[in-house]
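Visitor: Can you read through this structure? Questions will come right after.
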Amino acid sequence: MPLLNKVRTAVPGGPGGDTAPSLSRLRTALTLFFALDGFLFAGWVVRIPAIKQQTGASASDLGLALLGVSASAVVTMTLTGRLCRRHGSHAVTVVTAVLLSLSIALPALTRSPLALGLVLLVFGAAYGGINVAMNSAAVDLVAALRRPVMPSFHAAFSLGGMLGAGLGGLVAGSVSPTTHLLGLTVAGLLLTAAAGPVLLRQPSPAPPEATPAGTTAADGNGDRPRGRARTRGPVVVFGVIALCTAYGEGALADWGALHLEQDLHAHPGVAAAGYSLFALTMTVGRLSGTALLERLGQTRTLVAGGTTAAAGMLLGALAPNVWAALLGFAVTGLGLANIFPVAVARAGALAGPSGVATASTLGYGGMLLGPPSIGFLADWFSLPVALTTVAVLAAGAAAIGYAARNAHVPRTG
């Protein structure tokens with residue numbers, strides 16, 4: 001069984017105990033970068049309507065421009081693993097945070113759909129890069145701490161997103177997109193300046209275990225031999241698990257409110273609260289994820305989460321009234337909360353930055369796949385029936401997680 005499936009905590013004076021203060025500082029700095037990522041991305045999303053009006057983009061023009069974010073993010077994710085192996089995940093995290101902070105101001109400076117699409121390629125590249133880099137850094141830190149704290153990082157992303165969206169909503173009516181997004185640039189650069197030196201001064205920590213005979217010790221970048229050929233299959237498996245949960249996030253973000261308003265005749269305000277409730281329970285689930293993992297282990301957490309999400313989404317999609325559907329959305333958020341963090345952590349434990357890149361790319365692909373798939377299925381059948389595919393994939397994630405329970409890091413030598 002992998003180390004992360006059997007949790008052992010470093011104790012003072014024991015292996016890893018003497019580095020506790022530095023690991024704590026690393027954890028705080030990484031948490032800030034996860035929160036910054038969510039904060040900046042949400043701040044951009046809430047200004048999309050204003051940017052659309054400013055550039056004179058049609059719906060199709062905007063769709064193509066937004067596709068640039070997704071396309072460049074996916075391409076960059078596949079390359080960032082190599083950069084992390086060469087330069088270290090800490091350095092790449094700081095550099096991509098700077099790029100993300102600078103690029104978020106660019107959309108507000110555009111005046112045409114073409115210009116918008118071009119700058120969103122840059123924004124998407126920075127967004128994809130920082131997600132792989134900081135998750136790679138988090139995987140190494142989780143191994144060194146010997147505690148399953150990965151969900152806490154993703155909880156910080158969710159909290160940052162909620163804060164960014166809330167702030168954006170407050171200032172949308174009184175502050176121009178240019179002022180708002182430039183303000184986000186300043187905030188991002190200041191936070192990077194504060195937290196970045198902590199990452200740059202310390203290499204990625206090695207797990208507090210003796211290196212087996214015949215293996216090469218971790219270098220200053222935290223890159224350890226992973227037996228790539230033997231881990232490729234298991235890494236893809238955990239990437240598929242990430243895809244299943246991200247599919248649900250994307251589907252609920254784009255179609256949840258419409259389902260409540262169109263099929264259950266909810267008031268527009270209540271319908272809009274549906275995704276907020278889903279996001280809130282997902283955040284709560286991630287905040288409690290470390291305790292859950294310490295109690296249940298990774299496999300049981302994956303199985304329980306997928307099963308819970310499947311039951312919640314069946315209720316959310318097929319409920320006869322609004323309040324039952326909202327309850328279903330809330331349960332779905334709790335169920336999906338820790339599946340993506342666990343899948344990325346397992347992929348990273350198996351194959352390092354390359355594993356994180358693969359799982360993140362597949363997961364992000366699921367978020368892209370969800371909304372259009374739901375749309376096609378809604379046309380062919382109905383929106384409630386289409387949303388049941390979220391439950392099917394959540395149940396699939398649970399089944400795959402159980403089947404992959406014995407995936408382990410191969411030892412060489």
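Visitor: Can you tell me which residue among Leu327, Leu350, Leu302, Leu287 is of a type in the set (A, V, I, L, M, F, W, C), in contact with a helix residue (DSSP H, G or I) (Cβ under 6 Å, 6 or more places away or on another chain) and more than 17 Å from Ala138 (Cα to Cα)?
Guide: None of the other options fit; the residue is Leu302.
Visitor: With the condition kept exactly as written, say whether any residue in the range 257-276 is open to solvent by 40 Å² or more (accessible area, probe 1.4 Å), touching a residue at least 40 places away in the same chain (Cβ under 8 Å) and either touching a Phe, Trp or Tyr at 6+ places or on another chain (Cβ under 6 Å) or closer than 15 Å to Phe340 by Cβ (or both).
Guide: no
Visitor: Any idea which residue in the range 165-174 is modelled with the lowest pLDDT, counting only those that are more than 22 Å from the chain's Cα centre (by Cα) and surrounded by 15 or more Cβ atoms within 10 Å (Cβ to Cβ)?
Guide: So, considering only residues that are more than 22 Å from the chain's Cα centre (by Cα) and surrounded by 15 or more Cβ atoms within 10 Å (Cβ to Cβ), the one modelled with the lowest pLDDT is Ala172.
Visitor: May I pose another question? Against the condition within 30 Å of Thr93 (Cβ to Cβ), assigned to a helix (DSSP H, G or I) and open to solvent by less than 10 Å² (accessible area, probe 1.4 Å), how does Gly370 come out, does it pass?
Guide: The answer is yes for Gly370.
Visitor: In the range 35-53, which residues are in contact (Cβ under 8 Å) with a residue 40 or more places away in the chain, in contact with a Leu (Cβ under 9 Å, 6 or more places away or on another chain) and either closer than 22 Å to Ala138 by Cβ or not charged (D, E, K, R) (or both)?
Guide: Scanning the range 35-53 gives Ala35, Leu36, Asp37, Gly38, Phe39, Leu40, Phe41, Ala42, Gly43, Trp44, Val46, Ile51.
Visitor: Do the conditions hold for Leu350, that is, is it assigned to a helix (DSSP H, G or I), out of contact with any Gly (no Cβ under 8 Å at 6 or more places or on another chain) and open to solvent by less than 10 Å² (accessible area, probe 1.4 Å)?
Guide: Criteria met by Leu350.
Visitor: Being open to solvent by less than 60 Å² (accessible area, probe 1.4 Å) and part of a loop (DSSP other than H, G, I, E, B) is the filter here, so list the residues in the range 306-328 that pass it.
Guide: Once the filter is applied, which keeps residues that are open to solvent by less than 60 Å² (accessible area, probe 1.4 Å) and part of a loop (DSSP other than H, G, I, E, B), the range 306-328 yields only Ala319.
Visitor: Show the residue pairs that are 6+ apart or on different chains and have beta-carbon atoms under 6 Å apart, the first residue being within the range 388-406 and within 23 Å of Leu350 (Cβ to Cβ), the second being open to solvent by 60 Å² or more (accessible area, probe 1.4 Å) and assigned to a helix (DSSP H, G or I).
Guide: Ala398/Thr307
Visitor: Among the candidates Val390, Val303, Val331, Val356, single out the residue that is crowded, with 24+ Cβ neighbours inside 10 Å, modelled with pLDDT of 90 or more and among the β-branched types (Val, Ile, Thr).
Guide: After applying the criteria, what remains is Val390.
Visitor: Now, a different point. For the condition in a helix (DSSP H, G or I), within 24 Å of Thr78 (Cβ to Cβ) and either in contact with a Cys (Cβ under 6 Å, 6 or more places away or on another chain) or not polar (S, T, N, Q) (or both), what is the one hit in Leu362, Leu377?
Guide: Leu362
Visitor: Consider the range 245-256. How many of its residues are within 13 Å of Phe329 (Cα to Cα) and open to solvent by 10 Å² or more (accessible area, probe 1.4 Å)?
Guide: Residues that pass the stated criteria total 3.
Visitor: Hey, can you tell me all the residues within the range 40-62 that are in contact with a Gly (Cβ under 8 Å, 6 or more places away or on another chain), under 11 Å from Ala172 (Cβ atoms) and part of a helix (DSSP H, G or I)?
Guide: Gly43
Visitor: Could you please let me know if Ala155 is at pLDDT 90 or above, more than 23 Å from Leu83 (Cα to Cα) and either assigned to a helix (DSSP H, G or I) or in contact with a Gly (Cβ under 8 Å, 6 or more places away or on another chain) (or both)?
Guide: It is true that Ala155 is at pLDDT 90 or above, more than 23 Å from Leu83 (Cα to Cα) and either assigned to a helix (DSSP H, G or I) or in contact with a Gly (Cβ under 8 Å, 6 or more places away or on another chain) (or both).
Visitor: Which residue pairs have Cβ atoms under 8 Å apart, sit 6 or more places apart or on different chains, and have a first residue in the range 134-151 that is at negative phi and modelled with pLDDT of 90 or more and a second that is crowded, with 24+ Cβ neighbours inside 10 Å and of a type in the set (Asp, Glu)?
Guide: Within 8 Å, the pairs are Met134/Asp37.
Visitor: So which of Leu106, Leu62, Leu66, Leu121 is in contact with a Phe, Trp or Tyr (Cβ under 8 Å, 6 or more places away or on another chain) and buried (at least 17 other Cβ atoms within 10 Å of the Cβ)?
Guide: Among Leu106, Leu62, Leu66, Leu121, only Leu106 is in contact with a Phe, Trp or Tyr (Cβ under 8 Å, 6 or more places away or on another chain) and buried (at least 17 other Cβ atoms within 10 Å of the Cβ).
The values are calculated or read from the model by the stated rules, or taken from the named source; none is laboratory data. Please read all numbers here as calculations on a predicted model, not as lab measurements. We place every Cβ from the backbone using ideal geometry, glycine too, and count neighbours over all the protein chains shown. Heavy atoms of the whole protein, side chains included, go into the accessibility calculation; ligands, DNA and RNA do not. Shrake-Rupley method; radii C 1.70, N 1.55, O 1.52, S 1.80 Å.
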